[in-house]
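Here's the structure we're looking at; comments come further down.
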Amino acid sequence: WSATAHKRDGDLVVGGVAVADLVAEHNTPAYVLDEDDFRARARAFRDGFADYDVYYAGKAFLCTAVAAWVAEEGLHLDVCSDGELTVALRAGVEPARIGYHGNNKTYPELRRAVVAGVGRIVVDSFAEVERLAQIAAELGAAQGVMIRVTAGVEAHTHEYIATAHEDQKFGFSITSGDAFEAVRRVHDAPGLELRGLHSHIGSQIFDSSGFEIAAKRVLRLHARVGAELGVVMPEMDLGGGFGIAYTTQDDPTDPARLAREMTEIVRQECRGLGIEAPRLSIEPGRAIVGPSMCTVYTVGTVKPVTLDGGAVRTYVSVDGGMSDNIRTALYDADYSCTLAGRASTAPPVLARVVGKHCEAGDIVVRDEFLPGDVVPGDLLAVPGTGAYCRSMASNYNHALRLPVIAVRDGAARILLRRETVDDLLATDVGA
Ligand code: LLP
């Protein structure tokens, strides 16, 4: 839950606003974003990692207001598409403080980024180095470049979101020599300004040992570049991926502690290598926005189902589902939920919260004990839905994507409005 969330006589209150009142005005389903909580988490990273540049990873969740908050709180911004870049620029984020990612950036996309003055572009293939060098030459630019490398670390996380082992699409392999070759080519390109190496080992990571192995490998390459090419790269990025607590079983990341650990790892390794530490940066997304948002649904049906062995599971259908939170279906992610609009003293029953889409995998919360008197019309709130829920939302079954409503000091403000059927029809050219 976000920091301001609490129950008042059964009513969930976030940012000083009773969720039931919010629903009366804005309806469900809806995402509720606790602005103070988001800003506090952003500041915790900024202050914890005081000697670093902290790039908020916009892929977790981005809209114009959030990009502006990120800038106001003194963070940089990581984007990975033309769309995200457009939002960042629209919000007035200083282009020099934007980093641009992606494993297949097109010529027009790269050109727009260079023209906009994006501070650093993270290159991911030789084709891209060539493309970018050509663009920079054409425009007479001096484009800051980071090189995404594969540190060969498999973070202990879900297979689909581990990105630093060798057999995947991102980065230049250190072991094959591609990473060194990429450094050489970027260094040799007149319009490209080599800033440093970039490594991102995965997401929802709790164990800092993955970062440690990756940092050591990347620093060794960094040192080798210094020794063999005589090039001292000023920066290094260690990526994002810091875990949050989705359920009470997880321990959330403490930015200050993590910063101390990572800084110490880098300091020791640099001492061993006899080099000066580069300026470090990180890219947290989930750990900032994840806990700041919850999703509020209305219960539509309640259906007890008798399982083999006689136990009963109550299927509680809500008015959203995998179109607003694909993470349960896609990653087997664990969520929890609570009755949000009233108090109940009914004994709890084992429930599964499901959506309204046409498939059995459309599960929002796999297992939760909910009061046994939950009925259609009740409100349920699912915490921890700030990261990769709205940003991965779909229009499956022609569902309308949900609004994002920011709450702060007792006031609510719509950041993204609810989609309408007209929004959907706007792309359908007709028969
Ligand atoms: N930097 C890079 C280069 C990344 O690829 C990512 C995430 C991040 C930073 C931010 O990672 P975070 O701190 O948010 O974990 N859709 C998946 C997560 C995919 C992450 C993709 N890259 C999920 O819902 O868990």
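A few notes on this one:
- Residue under evaluation residue 308, criteria (1) within 16 Å of the ligand (Cβ to nearest atom); (2) surrounded by fewer than 24 Cβ atoms within 10 Å (Cβ to Cβ); (3) among the acidic types (Asp, Glu), criterion not met: (1)
- Checklist (1) within 19 Å of the chain's Cα centre (by Cα); (2) at pLDDT 95 or above applied to residue 158, failing item: (2)
- Count of the range 239-251 residues, restricted to those that are surrounded by 15 or more Cβ atoms within 10 Å (Cβ to Cβ) and either away from the ligand (no atom under 13 Å from the Cβ) or more than 16 Å from residue 200 (Cα to Cα) (or both), is 3.
- Counted residues, the range 274-297 - those being touching a helix residue (DSSP H, G or I) at 6+ places or on another chain (Cβ under 8 Å), within 17 Å of residue 199 (Cβ to Cβ) and within 13 Å of the ligand (Cβ to nearest atom): 2
- Output for the range 192-223, where each listed residue is within 16 Å of the ligand (Cβ to nearest atom) and under 20 Å from residue 102 (Cα atoms): 195, 196, 197, 198, 199, 200, 201, 202, 203, 204, 214, 218
- Any hit, the range 381-393, residues being away from the ligand (no atom under 16 Å from the Cβ) and in a loop (DSSP other than H, G, I, E, B): no
- Unmet requirement for residue 364, which otherwise passes all of (1) more than 16 Å from the ligand (Cβ to nearest atom); (2) assigned to a strand (DSSP E or B): (1)
- Count of the range 414-431 residues which are exposed (fewer than 13 other Cβ atoms within 10 Å of the Cβ) and on the phi < 0 side of the Ramachandran plot: 9
- Tabulated pairs, the range 258-272, first under 19 Å from residue 243 (Cβ atoms), second of a type in the set (A, V, I, L, M, F, W, C) and surrounded by fewer than 19 Cβ atoms within 10 Å (Cβ to Cβ), C-beta under 8 angstrom, 6+ apart or interchain: 259/50
The values are calculated or read from the model by the stated rules, or taken from the named source; none is laboratory data. Model, not experiment: these values are computed from the prediction. Neighbour counts run over all protein chains shown; Cβ positions are idealised from the backbone, glycine included.
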